[in-house]
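Below is one structure, written out as structure tokens; the observations come after it.
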Amino acid sequence: MKNQSKLILLSAALAIFALPVVAQSTDASANSQPTGQTVQDRKDNQQDRIAQGVKSGELTAGETSNLEKKESNLNQEERDMRSLDNGHLTTADKDTLNQQQNKLSHQIYDDKHNAATQNTDPKSVEGQRAENQQDRIAHGIKSGQLTDKEAANLESNEAKINNEVRNDRAANGGKLNAQQKAQVNRQQNQESRQIYRARHNGRVR
């Protein structure tokens, strides 16, 4: 009986000593999870895929603008979530963001594998300048020099210029007249300056 009592007391003592260890282990595990790290990794990966699509011509300016707007909206939602919880993301927040990133990931894939492409080997001067602008934007996205909002705005401008060129060509037998070329050149000069300013304004992704 005495031995049984001793065994019970010994077990109780060991359990008491073990409690702080278990608690400490649980707290350490919770604190060791970097809040939002997985979310940030996903964002960086999405941007890299978009930049690659711009560079390869798999993404048109219009598609890129649309993707970057969605990325911007998603990032704003993340900021709003963090502001409600002292800069942290809850498990529910992370799950929500992950689901939305999954949707955006599917759209990036679909846009990169559909029939719409950007000409990466243009013959005209206007086309070559447009290709150069796209390369500069792609580099800015890849390097983080361009935020999602800046990239969306620049690509929206590119899409408008490209659409204008297509309409002018369609109305003029597939060619641009001197006046139209001058107009496109002015717009591309303005776009070039915007790209430079956006990449060197100190704002980074």
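The values are calculated or read from the model by the stated rules, or taken from the named source; none is laboratory data. Please read these numbers as outputs of a predicted model, since none were measured by experiment. All Cβ positions, even for glycine, are placed from backbone atoms using ideal geometry, and neighbour counts span all protein chains on display.
Observations on the structure shown:
- Of the residues in region 130-153, at least one is closer than 22 Å to His200 by Cβ and in contact with a Pro (Cβ under 9 Å, 6 or more places away or on another chain).
- Residues considered: Asp135, Asp110. Of these, the only one that is farther than 21 Å from Ala198 by Cβ and at pLDDT 95 or above is Asp110.
- Residue count for region 115-135 under the criterion of being in a loop (DSSP other than H, G, I, E, B) and under 21 Å from the mean Cα position of the chain (by Cα): the result is 3.
- Residue check, Gly57 farther than 30 Å from Pro122 by Cβ and either touching a Pro at 6+ places or on another chain (Cβ under 8 Å) or not polar (S, T, N, Q) (or both): no
- Residues of region 89-114 classified as under 20 Å from Ala152 (Cβ atoms) and assigned to a helix (DSSP H, G or I), total: 13
- Among the numbered conditions (1) modelled with pLDDT under 95; (2) closer than 15 Å to Gln46 by Cβ; (3) of a type in the set (Val, Ile, Thr), the only one that Ile141 does not meet is (1).
- Looking only at region 179-205, and only at residues there that are modelled with pLDDT of 95 or more and among the hydrophobic types (A, V, I, L, M, F, W, C), the one that is surrounded by the most Cβ atoms within 10 Å (Cβ to Cβ): Ile195
- Region 155-198, residues that are over 30 Å from Ala51 (Cβ atoms), of a type outside the set (S, T, N, Q) and part of a helix (DSSP H, G or I): Ala170, Ala171, Ala178, Ala182
- Hey, Gln101 crowded, with 17+ Cβ neighbours inside 10 Å, at pLDDT below 95, under 18 Å from Arg49 (Cβ atoms) and out of contact with any Cys (no Cβ under 7 Å at 6 or more places or on another chain) or not: yes
- Of the candidates Asp41, Asp48, the single residue that is at pLDDT 95 or above, under 15 Å from the mean Cα position of the chain (by Cα) and surrounded by fewer than 18 Cβ atoms within 10 Å (Cβ to Cβ) is Asp48.
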